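Trainee: Mind looking over this structure? Questions follow.
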Amino acid sequence: MGDYLPLVNLNGDVKSVALGSYHSCAAFTDFSAACWGRNTYGQLGQGDTNNRGDNANEMGSYLPPIDLGTNVYVDLIVAGFYHTCMRSTVGQVKCWGLNDYGQLGYGDTVQRGDGPGEMSDYLDFVDVGSGCVVIDLTAGWYHNCVVCSNGDIKCFGRNDFGQLGQGDALHRGNSPSQMGDNLPAID
């Protein structure tokens, strides 16, 4: 510890960090982001399942930024158990990784980020409903919540214990009829 604890080489100015169960991510001041650690479900966002950071030449300038698409600038990144989400500078959200409970918010249970052609412009924005410009985003173990500019709070993903705030134990985000304007705000 102390002077003997080495710095993590990220090759950029870090704005914020996020910690999942087995992966870590950073958002940089140049509005890019990168993740490292375990990548079983594509939670690092590189279109593969290769772990990063556990071998030489994988950090610093070797750690590629996540390609989130044309003109998408990362303002915030959050990490759940085996998934990751970001909020753009214009209040839109993209998520990737494990999706067993709809925690990615795409109305299905398909994981994303673990194969080619699943990131960049191929990865859609999460539809949290019309009129919801996301001003804050947080990730739980298997769920996420957003705060909208109109004051609404909306959550999606696993809901075994009512963690989505709807007074029930129904998962949300694993069916197309559960997202967009059908995703209720917490009362």
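The values are calculated or read from the model by the stated rules, or taken from the named source; none is laboratory data. Just so it is clear, the model here is predicted, and its values are computed rather than measured. We place every Cβ from the backbone using ideal geometry, glycine too, and count neighbours over all the protein chains shown. For accessibility, only protein heavy atoms count, side chains too; no ligands or nucleic acids. Shrake-Rupley method; radii C 1.70, N 1.55, O 1.52, S 1.80 Å.
Trainee: Given springs between every Cα pair under 10 Å in a Gaussian network model of the chain, which of 113, 131, 91 has the largest fluctuation?
Mentor: 131
Trainee: For the chain, what % of the accessible area comes from carbon and sulfur atoms, probe 1.4 Å?
Mentor: Result for the chain: 49 percent of the exposed heavy-atom area is carbon or sulfur.
Trainee: Post the alpha-carbon centroid distance, the range 135-187 to the range 70-94, in whole angstrom.
Mentor: The range 135-187 and the range 70-94 have Cα centres spaced 16 Å from each other.
Trainee: Same structure, new question: Starting from the Cα-Cα distance between residue 109 and residue 187, subtract it from 0.36 nm times their residue separation and give me the gain in nm to one decimal.
Mentor: Value of the extension gain: 25.5 nm.
Trainee: So what is Rg over Rh here for the chain, counting just Cα atoms and using Kirkwood for Rh?
Mentor: Result: Rg/Rh = 0.98.
Trainee: In addition: Work out how much length residue 55 to residue 124 would gain on full extension: take 0.36 nm times their residue separation and subtract the Cα-Cα distance, in nm to one decimal.
Mentor: 21.7 nm
Trainee: Keeping every protein chain present and rolling a 1.4 Å probe, give me the accessible area per residue for the range 1-118 in Å².
Mentor: On the way: 5610 Å² over 118 residues.
Per-residue accessible area for the range 1-118 comes out at 48 Å².
Trainee: Can you tell which of 168, 67, 108 shows the greatest fluctuation in a Gaussian network model of the chain with Cα springs below 10 Å?
Mentor: 168
Trainee: Something else about it: With a point put 7 Å past each Cα toward its Cβ, work out how far residue 67 is from residue 168 in nm, to one decimal.
Mentor: Modelled inter-label distance: 4.0 nm.
Trainee: Cut-off 10 angstrom, C-alpha nodes, Gaussian network model of the chain. Which of 70, 84, 29 fluctuates the most?
Mentor: 70
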